[in-house]
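Only one structure is covered here, and it is reproduced in the block below.
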């Protein structure tokens, strides 16, 4: 059936335009896939951009080895359905090779260790454009990120010398060895992503919805006690609560929130009325005021 | 939900970040954790009020110097609209950021310090908004609390600013004056009880009432082809689709079209958005078209309606805003990126530089320095298909790329 007018969802149309520019301007693009809702949304947008063609680039997952098992299962299933190549590179390998050192102590996390593995993968496959699901509303340093963000051969972000982006013209011209990080959903908010997941009926991993979990409390945040990866003091007592995860990062740095939201509609209602920001439950951002900016300069997303 | 993008402009210390922080605070868009961080930091710095600028000044260097040095994007929404605020810096040397912020905005807030009135920077901010054809301007006269909420001060600044209106080139622009105190929260989101003499709307009320069809600049339909989609699968063996974004006006199935540069004629056979077929592609939609005839089309070609051709130009006369520390001089080679189409260009002539205080041009200038604006002629190695900027905000503009450094070094608005 032929419908009347293409519905204008400004954010969706912008993202599709960006995806098409990536494929036109670069030789070896890759989509950085974490298994989280933002990267799942990216996959949906990529499908739309190239239909009836297949998504013309592989997915790359930098696996910290500390991911929620639900996320990994979901990732493999999705790649199979799409018929798209899935490349997985493990942080454990970099640790074993002595390239990076595992953190220790109560806030130990492998989140920052992803940088080396990511840069190695970029070099191994000669990727010139890495598409990521970062959004400007997430964090202050990200608010200044470009849609096409040029990184030098060390993967570094030069925040003071960014290319201006005028109208919707994207300049992806780079030298050999440089690469570009591309953020098609830069202008989406957390709520925009959820509303889109609802209207498009996109499947997401179960840990985004309320479930029973053994948890303990620290610094006002709720931590999963089900996974041995998360460090826990003897005196931090475990209790069973109804929780869900708002972001799905490395288990060691992602806290849960109390929730009874079992459907997407409930989740949206919860976010609308929430007074805590999405990254409020990310311990990696709380290390210092400039934590994200520092990680980005080193090559993080 | 509709998205409205607002650029902000003001000089250092005019309180721009404070205004944005105030909007976020009064619309309850600041989450508890962000608010706590602001409270903590304000106390550390020894302030006896909440420093809302901490909500937006994102980079370390900015927090150290207490100034904004790059465009930051801030998001909030009301029941009516989603908003993106582009927080652009007020320093003279950061004109490029202001131009960048305004290029994607439909509305602008220009801040004036009530104690200082219209200063050179104010003129520059208005000049840039005028140059970029930003449709909706709010002149927010800030720090009214420091001039005893005086109606006289407000009226004096307003009439001073109105003198600029006679000199502008973009007359369709609407300008609204609002007296505010961002620090105290007067007339930003909530009505002030200290200025009963002001009967107009608050800044947010004004933005809430803007009508979208009104503030998006329309034009004739232009469809630059981004990609040719040829899946070569069993189901879509002979499929040949042209992917791109519709600019200016809508396209319909059955429209008679011309493909540039070959000037081949055909008709639109189908319009796809993902796996659905549509009768009409609205402007700003990213669609895939198929044509009734097999034509050789590649990226950078443009599909237009048969009776609505753009100008095919091998040379360009444009107003250019230069953004690089290396000067633009006659003979310089550059890349012109017009939409998605890149061509090599050479600077043929620098006609003048334009004073951003509306005082006229300097015809003897023969180069553009960083942050200069001037009239430039380019010679191109291949033609581009353009409209004038006044008729078409997207098809009438281009960016300049340095072919040595690959940086974006300027932006042009076609005559």
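The values are calculated or read from the model by the stated rules, or taken from the named source; none is laboratory data. What you are looking at is a predicted structure, and each value in this text was computed from that prediction instead of being measured. Every residue, glycine among them, receives a Cβ derived from its backbone with ideal geometry; neighbour counts consider all protein chains shown.
Evaluating residue A:123 against the criteria (1) closer than 30 Å to residue A:219 by Cα; (2) modelled with pLDDT of 90 or more leaves one unmet condition, (1). Out of the residues in segment A:67-89 that are at negative phi and loosely packed, with under 15 Cβ neighbours inside 10 Å, state the one that is modelled with the highest pLDDT. Per the stated criteria, the residue is A:85.
Candidates are the residues of segment A:17-43 that are more than 16 Å from residue A:169 (Cβ to Cβ), in a helix (DSSP H, G or I) and free of Cβ contacts under 8 Å to residues at least 60 places away in the same chain; the one that is nearest to the other protein chains (Cβ to nearest Cβ) is A:23. The strands (runs of 3 or more DSSP E) located wholly in segment A:115-221 that include 1 or more residues which are more than 26 Å from residue B:335 (Cα to Cα) and more than 11 Å from every other protein chain (Cβ to nearest Cβ) occupy A:211-218. Only one of the numbered conditions (1) over 28 Å from residue B:133 (Cα atoms); (2) without any contact (Cβ under 8 Å) to a residue 60 or more places away in the chain is violated by residue A:186, and that is (1).
For residues that are within 16 Å of residue A:64 (Cβ to Cβ) and part of a strand (DSSP E or B), tally how many sit in segment A:222-252.
Of the residues in segment A:222-252, 2 are within 16 Å of residue A:64 (Cβ to Cβ) and part of a strand (DSSP E or B).
Has segment B:297-320 got any residue that is more than 13 Å from every other protein chain (Cβ to nearest Cβ) and touching a helix residue (DSSP H, G or I) at 6+ places or on another chain (Cβ under 9 Å)? Checking segment B:297-320: at least one residue is more than 13 Å from every other protein chain (Cβ to nearest Cβ) and touching a helix residue (DSSP H, G or I) at 6+ places or on another chain (Cβ under 9 Å).
Taken over segment B:240-254, the residue count meeting the criterion of being at the interface with chain A (Cβ under 9 Å from one of its Cβ atoms), over 26 Å from the mean Cα position of the chain (by Cα) and not in a strand (DSSP E or B) is 1. Kindly evaluate residue B:83 against the criterion of being outside the structural domain of residue B:391 (by TED's automatic domain parsing), assigned to a loop (DSSP other than H, G, I, E, B) and either touching a helix residue (DSSP H, G or I) at 6+ places or on another chain (Cβ under 6 Å) or closer than 18 Å to residue B:178 by Cβ (or both). No, not satisfied. Name the residues in segment B:13-26 that are away from every other protein chain (no Cβ under 13 Å) and at pLDDT 85 or above, would you? Once the filter is applied, which keeps residues that are away from every other protein chain (no Cβ under 13 Å) and at pLDDT 85 or above, segment B:13-26 yields B:18, B:19, B:22, B:23, B:26.
Hey, among the residues in segment B:264-294 that are part of a loop (DSSP other than H, G, I, E, B) and within 29 Å of the chain's Cα centre (by Cα), which one's farthest from the other protein chains (Cβ to nearest Cβ)?
B:283
Does at least one position in segment A:135-155 carry a residue that is buried (at least 20 other Cβ atoms within 10 Å of the Cβ), closer than 30 Å to residue A:231 by Cβ, out of contact with any strand residue (DSSP E or B) (no Cβ under 7 Å at 6 or more places or on another chain) and at pLDDT 90 or above? Yes, the conditions are met somewhere in segment A:135-155.
Could you look through segment B:333-347, keep only residues that are away from chain A (no Cβ under 14 Å) and under 12 Å from residue B:401 (Cβ atoms), and pick out the one that is nearest to the chain's Cα centre (by Cα)? Taking the candidates together, the pick is B:345. Per this entry, residue A:52 is counted among residues that are within 13 Å of chain B (Cβ to nearest Cβ) and surrounded by fewer than 21 Cβ atoms within 10 Å (Cβ to Cβ).
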